[in-house]
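Shown next, in structure tokens, is the structure this report addresses.
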Amino acid sequence: MSKDQQIYNIGQAAKMFKVATSLLRFWESEFDIIQPGKDDKGNRFYTEKDIENIRIIYHLVKERGFTLVGAKQELSRRKLIINEQVDLRKELTDVRNFLVELKSKLPTKK
């Protein structure tokens, strides 16, 4: 974690979304993408990534009306799509690198 990264306690995170702290603790137990750090006393602290993940869950559950099961399915679907995009990007990068290497082996025109 970088020193410049903003950290939020559970009260601050709950206030951002206008929800109870108990809801954030519940979502933490239901969704594995929310994994706040904890200090020696067990106080939670949320990074920007945690806040973004809460924002996604909040959007699905509170704004779009997904059930918890539905939200989990949507997150799984999104994860598959993201993984496919990462795989495609790697394949395209490999093809580009091959073409660049091939081009470097061609005789230059004079």
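Only one residue in L99, L106, L80, L92 is under 30 Å from F31 (Cα atoms), aliphatic (A, V, I, L, M) and either surrounded by 10 or more Cβ atoms within 10 Å (Cβ to Cβ) or out of contact with any strand residue (DSSP E or B) (no Cβ under 7 Å at 6 or more places or on another chain) (or both). Which one? Steps first, answer last, please.
Numbers: L99 fails: under 30 Å from F31 (Cα atoms); L106 fails: under 30 Å from F31 (Cα atoms); L92 fails: under 30 Å from F31 (Cα atoms).
Checking each option against the conditions leaves just L80.
Return yes when Q12 is of a type outside the set (S, T, Y) and either at pLDDT below 95 or exposed (fewer than 10 other Cβ atoms within 10 Å of the Cβ) (or both) and no when it is not. Spell out how you get there, then give the answer.
On the way: of a type outside the set (S, T, Y): yes; either at pLDDT below 95 or exposed (fewer than 10 other Cβ atoms within 10 Å of the Cβ) (or both): no.
For Q12, the condition - of a type outside the set (S, T, Y) and either at pLDDT below 95 or exposed (fewer than 10 other Cβ atoms within 10 Å of the Cβ) (or both) - is not met.
So, in region 1-59, how many residues would count as being of a type in the set (G, A, S) and outside any helix (DSSP H, G or I)? Before the answer, list the steps.
To start, the set of residues in region 1-59 that are of a type in the set (G, A, S) comprises 2, 11, 13-14, 20, 22, 29, 37, 42.
Filter once more, keeping what is outside any helix (DSSP H, G or I): 2, 20, 37, 42.
Summing the residues that are of a type in the set (G, A, S) and outside any helix (DSSP H, G or I) in region 1-59 gives 4.
In region 49-73, what count of residues is obtained for those that are surrounded by fewer than 13 Cβ atoms within 10 Å (Cβ to Cβ) and among the aliphatic types (A, V, I, L, M)?
Number of matching residues: 1.
Could you look through region 73-110, keep only residues that are of a type in the set (K, R) and over 30 Å from N53 (Cβ atoms), and pick out the one that is modelled with the highest pLDDT? Break it down stepwise before answering.
Looking only at region 73-110, we keep the residues that are of a type in the set (K, R), and these are 77-79, 89-90, 96, 103, 105, 109-110.
Now drop any that are not over 30 Å from N53 (Cβ atoms), which leaves 96, 103, 105, 109-110.
Details: R96: 94, K103: 90, K105: 90, K109: 76, K110: 68.
Among residues in region 73-110 that are of a type in the set (K, R) and over 30 Å from N53 (Cβ atoms), the one modelled with the highest pLDDT is R96.
Kindly provide the set of residues from region 27-48 that are without any contact (Cβ under 8 Å) to a residue 40 or more places away in the chain, surrounded by 14 or more Cβ atoms within 10 Å (Cβ to Cβ) and not acidic (D, E), ordered by number.
W27, I34, Q35, P36, R44, F45, Y46
Looking at (1) free of Cβ contacts under 8 Å to residues at least 12 places away in the same chain; (2) loosely packed, with under 14 Cβ neighbours inside 10 Å, which is the only condition T21 fails?
That leaves (2) as the condition not met.
The values are calculated or read from the model by the stated rules, or taken from the named source; none is laboratory data. Small disclaimer: the values here were computed from a predicted structure and weren't measured. With ideal geometry, Cβ positions are generated from the backbone for all residues, glycine too; neighbour counts draw on all protein chains shown.
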